[in-house]
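Reading through the structure tokens given below for one structure.
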Number of protein chains: 2
Amino acid sequence: MNHLNFDKSEQGLLPAIVQDHESGEVLMLAYINLESWQRTIKTGKSHFWSRSRNKIWLKGESSGHIQLVKEIYIDCDQDTVVFKVKQLGGAACHKGYRSCFFRMVEDDKMKIIDEKVFNPEDVYGNDKNV
Amino acid sequence: MNHLNFDKSEQGLLPAIVQDHESGEVLMLAYINLESWQRTIKTGKSHFWSRSRNKIWLKGESSGHIQLVKEIYIDCDQDTVVFKVKQLGGAACHKGYRSCFFRMVEDDKMKIIDEKVFNPEDVYGNDKNV
């Protein structure tokens, strides 16, 4: 299904918001191109385009923290999607937190408001390119 | 506070996810530049950069559907934010729906899963540039 306007971005990338399907917590945002969108639909697992590695990225391919996509929503302009997922391993963030949004702005500072679920070195070793 | 990496995007724009502060529903996604970010912090009302109009955009300036920002979260890469807001007027979408994500993917089709809160023509007149 190609109901998305990939042409709206010069690189053909659109933002995908990932939300926990039960709690509604926003876990992360990543980018999709047409191929990652089609693979997500076909497999039921979140696929993105890695802007740092310039390749298709099955979320969880290194960590095992796969996202099972339960529902997909499309916005009014057809240039953003929401994946509602079951996050395997309990953590979406490569820094070990449940959500990538583990910091809150408070009094002009950033305050960490969550605890790590895992130690990144245990999962990724010393590979910084995750 | 400039804890965001605006340089990560060529246009200096980063995505801001807007979430209802009580229900957790994702209402919309829009883009911020440094100025809209600073105005949001200063005023407590969502400000974005309008990519179609090329100008700073106080969300609700036409419709009255202002967003009062209750909490702000920053992601691990400091290139995406979440605004948790109280949405005045009960609707974030210029098409009249509570959320811009009023369509769900089902059997390879897009299915509308919500009802309009307002009639866009009543709010915006015939101005299509909203």
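A few notes on this one:
- Solvent exposure ordering (accessible area, 1.4 Å, most first) of B:Met28, A:Met110: A:Met110, B:Met28
- Solvent-accessible surface (1.4 Å probe) assigned to B:His3 amounts to roughly 70 Å².
- Other residues with beta-carbon under 13 Å from the beta-carbon of A:Gly12 carry, at +1 per Lys or Arg and -1 per Asp or Glu, a net charge of -2.
- Cα-based reach from B:Lys116 at 19 Å (exclusive), listing aspartates and glutamates while leaving out same-chain residues under 8 positions away: A:Asp75, A:Asp77, B:Asp20, B:Glu25, B:Asp127
- For chain B, the relative contact order works out to 21 percent when only alpha carbon pairs closer than 8 Å and six or more residues apart are counted.
- Estimated 222 nm signal from helices in chain B, with DSSP H stretches of n ≥ 4 weighted -39500 (n - 2.57), rounded to 500: -3000 deg cm²/dmol
- Among the listed pairs A:Lys70/B:Lys95; A:Lys8/B:Lys111; B:Lys42/B:Lys84; A:Lys111/B:Lys45, those with a Cα-Cα distance over 18 Å are A:Lys70/B:Lys95; A:Lys8/B:Lys111; A:Lys111/B:Lys45.
- Computed from protein heavy atoms with a 1.4 Å probe, the total accessible area buried between B and A is close to 3200 Å².
- Amide H to amide H, with H built 1.01 Å from N, B:Ile66 comes under 5 Å of B:Leu88, counting only residues 5 or more places away or on other chains.
- In the assembly of identical copies, B:Ile56 has its label point, taken 7 Å from Cα in the direction of the beta carbon, separated from the corresponding points by 4.3 nm (ascending, one decimal).
- The rotation axis taking chain A to chain B passes closest to this chain A residue's Cβ, listed with the gap in Å: A:Gly24, 2.
- Spread of Cα-to-Cα distances over 5 Å intervals beginning at zero, given as percent, for chain B: 2, 10, 20, 22, 19, 14, 9, 3, 0
The values are calculated or read from the model by the stated rules, or taken from the named source; none is laboratory data. These numbers come from a predicted model, not from an experiment. So basically every Cβ, Gly included, is an ideal-geometry build from the backbone, and we count neighbours across all protein chains shown. For accessibility, only protein heavy atoms count, side chains too; no ligands or nucleic acids. Shrake-Rupley method; radii C 1.70, N 1.55, O 1.52, S 1.80 Å.
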